[in-house]
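The values are calculated or read from the model by the stated rules, or taken from the named source; none is laboratory data. Everything numeric here is computed off the predicted structure, so don't read it as measured data. Note: ideal-geometry Cβ built from the backbone for every residue, glycine included; neighbour counts use all protein chains shown.
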Amino acid sequence: MTRFFLITSLLITSHLFAQKGTLSPYSFYGLGESLFSGTADQRSMGGLVAHVDSIHHNVSSPASLAELKLVNYNIGANYSRRNFISDANSSKNETAGIDYMTVAIPTKYFGFGFGLLPKTAVGYRLSVSDEINGLSSNSNYEGNGGINQVFFSLGFSPLKNLGIGASVHYNFGSIFRVHTRQEDGIDLLSQLNNESELRGVEWNLSSYYKIHLSNRLQMQLHYAYQPKADLKSLNARSISTFTSLGEQRDTQEVNLSLEGLDETRSELPAKQTIGGGIGEPKKWYIGGQWSETGGSIDNSFYAVGSVRYEPASQLSIGGYFIPEYDSFSSYWKRIVYRFGIVSSKTGMILNDKAIENTGITFGVGLPVAGFSNVNMGFELGKLGAGDDSLIEENYVNIRIGFSLNDRWFIKRKYN
């Protein structure tokens, strides 16, 4: 009954946390802020995908399911605090929400998993004032929404120490954007509303290979590839007028089919990740990985003249340390201590300046009953171009994940 309840809850409550929130001004562009689809323990190691073990579900690498020995339920939540600094002013905001829900199940011949993850998020409020020919105007921009994905993954081991896997992701979501403009000497405000419903399918292929260097030391090599994918967007646009008191006067729907914008497609660029690491299982591990995403998201409905894109890349280094995983005398010795650094080029070029992200991560895995654990992670970082003319984000992310393990399909010898 418990198993049925957990799986059913995952499927029917997904609408309760359909979007992972953001309030980043950089989510104004394209499909929003890209989100790393990983668990709290992975993110505590700089987003390191290049590691597998028998009790954690490595969501980003379906091949890792070949290594899984226990049924794993995973749920995570996040809290984010951001400070925005520019040459004009500064501000801050906070967001929180559910981050992911996944289930992974091993069988005799393979492992499979499914769940719900965030992919992108849109959330911004911007205000711009300008003056033309002595007349001043004020524009307000607001946006919200994003893209989520439900996935199904399968991984197996065709040869000893080798794992391969694949996952299919169904992307879905909505993005809303509103531009309100008021000009001096004109009583009415104009408002432009854009709405998009997005759908699409993408794949993720991965593999790992373990090399035993000695009785204790083990090396892991990883490779993952996401082919190009299409994202269909059904778009709507309307123009409204309001009085200064907020009373709506008129709304007109724009016939986007005349411009060929009622239905558009975005090509999600291919991505590949290569990495590896070395360590002593259940004791320590340190690894690194490099990922590259090519090209831009080409969709004329989201086009903004001041931005262009180039291939994005990310370097992650991280690992963990366990003083004594099977200690009976000390709980603290069984805690997993994690660390990492991450540096990435987002691929966004804004006003001819590259937007980059750097951060440090750390966290702990607290053992609870059986092989289950509670993972807490922290990330301190900076997003921006290092230029006073653009906004710089300084952020603190706090994440907590519950990784609960159980045994299925194993007949008990004693009751």
Look through segment 350-370, keep the residues that are modelled with pLDDT of 95 or more and within 16 Å of Ile335 (Cβ to Cβ), and return whichever of them is surrounded by the most Cβ atoms within 10 Å (Cβ to Cβ).
Gly363
Here's a check for you: in segment 253-273, which residue that is surrounded by 17 or more Cβ atoms within 10 Å (Cβ to Cβ) and not aliphatic (A, V, I, L, M) is modelled with the lowest pLDDT?
Ser266
Among the candidates Ile75, Ile147, Ile98, Ile55, which residue alone is surrounded by 15 or more Cβ atoms within 10 Å (Cβ to Cβ), over 17 Å from the mean Cα position of the chain (by Cα) and in contact (Cβ under 8 Å) with a residue 60 or more places away in the chain?
Ile55
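Show me the strands (runs of 3 or more DSSP E) entirely contained within segment 296-383 in which 2 or more residues are of a type in the set (Gly, Ala, Ser), under 18 Å from the mean Cα position of the chain (by Cα) and closer than 30 Å to Ser174 by Cα.
Working: elements: 307-309, 312-321, 336-350, 353-367.
Strands (runs of 3 or more DSSP E) meeting the threshold: 312-321, 336-350.
Is segment 268-275 home to any residue that is under 30 Å from Ala354 (Cα atoms), polar (S, T, N, Q) and touching a residue at least 60 places away in the same chain (Cβ under 8 Å)?
Filtering segment 268-275 down to residues under 30 Å from Ala354 (Cα atoms) leaves 268-275.
Pick out the ones that are also polar (S, T, N, Q) and you get 272-273.
Right, trim to touching a residue at least 60 places away in the same chain (Cβ under 8 Å) and you get 273.
Yes - at least one qualifying residue is present in segment 268-275.
Could you please find all residues in segment 58-111 being closer than 27 Å to Ser129 by Cβ, assigned to a strand (DSSP E or B) and of a type outside the set (Phe, Trp, Tyr)?
From segment 58-111, those closer than 27 Å to Ser129 by Cβ are 82-95; that's our starting set.
Within this subset, residues satisfying the condition of being assigned to a strand (DSSP E or B) are 82-85, 90-95.
Arg82, Asn83, Ile85, Ser90, Ser91, Lys92, Asn93, Glu94, Thr95 - these are the residues of segment 58-111 that are closer than 27 Å to Ser129 by Cβ, assigned to a strand (DSSP E or B) and of a type outside the set (Phe, Trp, Tyr).
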Residues in segment 25-48: is at least one farther than 25 Å from Tyr395 by Cβ, of a type in the set (A, V, I, L, M), buried (at least 17 other Cβ atoms within 10 Å of the Cβ) and modelled with pLDDT of 95 or more?
no
Looking only at residues in segment 131-153 that are hydroxyl-bearing (Ser, Thr, Tyr) and out of contact with any Gly (no Cβ under 6 Å at 6 or more places or on another chain), which one is nearest to Val168 (Cα to Cα)?
Tyr141
Within segment 231-252, is there a residue that is surrounded by 16 or more Cβ atoms within 10 Å (Cβ to Cβ), without any contact (Cβ under 8 Å) to a residue 40 or more places away in the chain and outside any strand (DSSP E or B)?
no
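Just to verify a result, which residue in segment 183-211, among those that are in a strand (DSSP E or B), farther than 30 Å from Lys119 by Cα and touching a Ser or Thr at 6+ places or on another chain (Cβ under 8 Å), is modelled with the lowest pLDDT? Spell out the reasoning first.
Kept after step one, since they are in a strand (DSSP E or B), are these residues of segment 183-211: 183, 189-211.
Among the residues that remain, those that are also farther than 30 Å from Lys119 by Cα are: 183, 189-190, 211.
Going one step further and asking which of them are touching a Ser or Thr at 6+ places or on another chain (Cβ under 8 Å), we end up with 183, 189-190.
Values: Glu183: 82, Leu189: 87, Ser190: 90.
Only one residue tops the list, namely Glu183.
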For segment 118-141, indicate whether the set of residues that are under 30 Å from Ala385 (Cα atoms), modelled with pLDDT of 90 or more and surrounded by fewer than 19 Cβ atoms within 10 Å (Cβ to Cβ) is non-empty.
yes
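Consider Tyr414 carefully, then state whether it is at pLDDT below 90, more than 26 Å from Ile278 (Cα to Cα), buried (at least 16 other Cβ atoms within 10 Å of the Cβ) and out of contact with any Ser or Thr (no Cβ under 7 Å at 6 or more places or on another chain). Steps first, answer last, please.
Values: at pLDDT below 90: yes; more than 26 Å from Ile278 (Cα to Cα): yes; buried (at least 16 other Cβ atoms within 10 Å of the Cβ): no; out of contact with any Ser or Thr (no Cβ under 7 Å at 6 or more places or on another chain): yes.
Answer is no for this residue.
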Across segment 94-130, what is the number of residues that are closer than 22 Å to Asn171 by Cα and out of contact with any strand residue (DSSP E or B) (no Cβ under 6 Å at 6 or more places or on another chain)?
1
Restricting segment 154-171 to residues that are surrounded by 18 or more Cβ atoms within 10 Å (Cβ to Cβ) and under 17 Å from the mean Cα position of the chain (by Cα), the one nearest to Val128 (Cα to Cα) turns out to be Asn171
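From the list Leu256, Leu231, Leu205, pick out the single residue that is over 30 Å from Val307 (Cα atoms) and not charged (D, E, K, R).
Details: Leu256 fails: over 30 Å from Val307 (Cα atoms); Leu231 fails: over 30 Å from Val307 (Cα atoms).
Going through Leu256, Leu231, Leu205 in turn, the sole match is Leu205.
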